[in-house]
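Accompanying notes for the structure given below.
What follows draws every value from the coordinates through simple rules; no lab data is involved. All figures in this text were calculated on a predicted structure; none of them were measured in a lab. Note: ideal-geometry Cβ built from the backbone for every residue, glycine included; neighbour counts use all protein chains shown.
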Amino acid sequence: MNRNQLFDKILQHRYDNPNMLWILPSWCENALQITDRNIVKSIVDELNERDWVTHKTNRSFSVMINYNGQQIIEKYGSYSSF
């Protein structure tokens, strides 16, 4: 799975579960068998840079989609289409 495909899956998962904080490296490992934390970290960094997620102040990997992130999915359908 390449970075864009993983980004799409993460963003869609956050969109489908908007009111829950998820620790993304653990979720990627358990649900998708992705163990490369560097790629997950780069995605989380971009989600934060683009202001598409809200996260716990003490846990940057624990994220919840915010309004901006929801608008990306509703307007473009996926990160790849953005």
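Put a plus charge on the Cβ of each Lys and Arg, a minus charge on the Cβ of each Asp and Glu, and nothing anywhere else: the dipole of the range 1-60 about its Cα centre is then about 140 debye. Helical content alone sets the calculated 222 nm signal of the chain at -17000 deg cm²/dmol, taking -39,500 (n - 2.57) per DSSP H segment of four or more residues and averaging over every residue.
Normalised by the number of residues in the chain, the mean separation of alpha-carbon contacts (under 8 Å, six or more apart) gives a relative contact order of 38 percent. Distances between placed amide hydrogens fall under 5 Å for Val53 paired with Asn66, all partners being 5 or more residues away or on another chain. Say a paramagnetic label sat at a point 7 Å from the Cα of Tyr76, along Cα to Cβ; which residues of the range 1-45 have their backbone N under 13 Å from it? Residues 4-5, 7-9, 11-12 fall inside that zone. Couplings 3J(HN,Hα) of the range 8-23, computed from phi: 4, 5, 5, 4, 5, 4, 5, 5, 6, 10, x, 9, 10, 7, 10, 8 Hz, in residue order, whole Hz [Karplus 6.51 cos²θ - 1.76 cosθ + 1.60, θ = phi - 60°; x for Gly and Pro].
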